[in-house]
Amino acid sequence: MVDTRAFLAEGIATFALVFFGVLSIIISKEAIGSGLTVDANIMISLAHGAAIGLMVYAFGHISGAHINPAVTIPMMITKKISIPNGIGYIISQLVGAVIAGLILYAIFPVMGPAVNFGTQGGPSDLIDHNVWSAFALEGILTFFLVTVIFMVAVHKKAARGIQGATIGGMIFLLHLVGVPFTGASMNPARTFGPAIVSGAWEFQWLYWAAPIIGGIIAGVIMNYVYIKPSEKEA
């Protein structure tokens, strides 16, 4: 059964991620200056982690709060969500991200372009602008994000009430270590929304393919090694 309320929840939650995530980048540039300082990286990481964590608490009981096609696709493959609902989730996530990008453009027509509207800019000079290093990093980061999601939000024996803090904390960690190298997308919608207004499409394929592959590998392993056996024991 198609759940339109869940679609709306996914759109709102993804809007929040993109809006507050990009806003933290704009603020860090204005308050701290150009260049990725330690302070700026912490601010950006905290904002993304808080946005995800709070949205998980707000909408986890409505839609599961995927907020990410790289989460929804593994959920579809492992049959945690139906294909029609999964497609609806992904469309809603992309729409929410695009609306956030457009509103940011309307509010910050001058400051937004200064940070490319928070669109991840591909591999940084710290990894010699190597696309395949960036691909590996985005895939590995997403692997651990989806691992945490499956083990705390899908596994029936996981402790209750920790999902938002745990997933938000993981997002904080992954941004803290990933932003300097790739911008730490781990989420095609997070990159797609800002790309609509920034026009930065060069590495769009990377921020779709790597997170989806990393997410699928994590989802399949967690489901068939841990979750399915646990369900049989119950």
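Conditions tested, residue by residue: (1) closer than 19 Å to Gly215 by Cβ; (2) buried (at least 24 other Cβ atoms within 10 Å of the Cβ); (3) touching a residue at least 24 places away in the same chain (Cβ under 8 Å).
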{"residue": "Asp3", "(1), (2), (3)": "no, no, yes"}
{"residue": "Leu8", "(1), (2), (3)": "no, no, yes"}
{"residue": "Gly53", "(1), (2), (3)": "yes, no, yes"}
{"residue": "Pro74", "(1), (2), (3)": "yes, yes, yes"}
{"residue": "Lys80", "(1), (2), (3)": "yes, no, yes"}
{"residue": "Gly88", "(1), (2), (3)": "yes, no, yes"}
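Counting only residues that are touching a Ser or Thr at 6+ places or on another chain (Cβ under 6 Å) and buried (at least 18 other Cβ atoms within 10 Å of the Cβ), which one in the range 124-147 is nearest to Ser34 (Cα to Cα)? Result: Ala134. Quick check: anything in the range 96-118 among the hydroxyl-bearing types (Ser, Thr, Tyr) and buried (at least 20 other Cβ atoms within 10 Å of the Cβ)? For the range 96-118, residues among the hydroxyl-bearing types (Ser, Thr, Tyr) and buried (at least 20 other Cβ atoms within 10 Å of the Cβ): absent.
In the range 139-151, the residues that are part of a helix (DSSP H, G or I) and at pLDDT 95 or above reach residues that are surrounded by fewer than 22 Cβ atoms within 10 Å (Cβ to Cβ) and not hydrophobic (A, V, I, L, M, F, W, C) with C-beta atoms within less than 8 angstrom, at least six apart or across chains, in these pairs: Val148/Thr166; Phe150/Asn223; Phe150/Tyr226; Met151/Tyr226. Looking only at residues of the range 165-189 that are farther than 24 Å from Val98 by Cα and of a type in the set (Val, Ile, Thr), we find that the one that is surrounded by the most Cβ atoms within 10 Å (Cβ to Cβ) is Thr166.
The condition of being buried (at least 17 other Cβ atoms within 10 Å of the Cβ), free of Cβ contacts under 8 Å to residues at least 60 places away in the same chain, aliphatic (A, V, I, L, M) and part of a helix (DSSP H, G or I) holds for only one of Ala40, Ala58, that being Ala40.
In summary, Lys157 fulfils each of the numbered conditions (1) in contact (Cβ under 8 Å) with a residue 40 or more places away in the chain; (2) farther than 30 Å from Ala114 by Cβ; (3) assigned to a helix (DSSP H, G or I) with the single exception of condition (3). Of the residues making up the range 183-234, those that are in contact with a Leu (Cβ under 8 Å, 6 or more places away or on another chain) and over 17 Å from Val146 (Cβ atoms) are Phe192, Gly193, Pro194, Ile196, Val197.
Give me a count of the residues in the range 176-234 that are over 29 Å from His155 (Cβ atoms), assigned to a helix (DSSP H, G or I) and under 18 Å from the mean Cα position of the chain (by Cα).
To start, the set of residues in the range 176-234 that are over 29 Å from His155 (Cβ atoms) comprises 180-181, 183, 192-206.
If we keep only those that are assigned to a helix (DSSP H, G or I) as well, we get 180-181, 192-198, 204-206.
Among the residues that remain, those that are also under 18 Å from the mean Cα position of the chain (by Cα) are: 180-181, 192-196, 204-206.
Residues meeting the conditions: 10.
The values are calculated or read from the model by the stated rules, or taken from the named source; none is laboratory data. Since we're looking at a predicted model, the values are computed, not measured. Every residue, glycine as well, gets a Cβ built from its backbone with ideal geometry; the counts of neighbours run over all protein chains shown.
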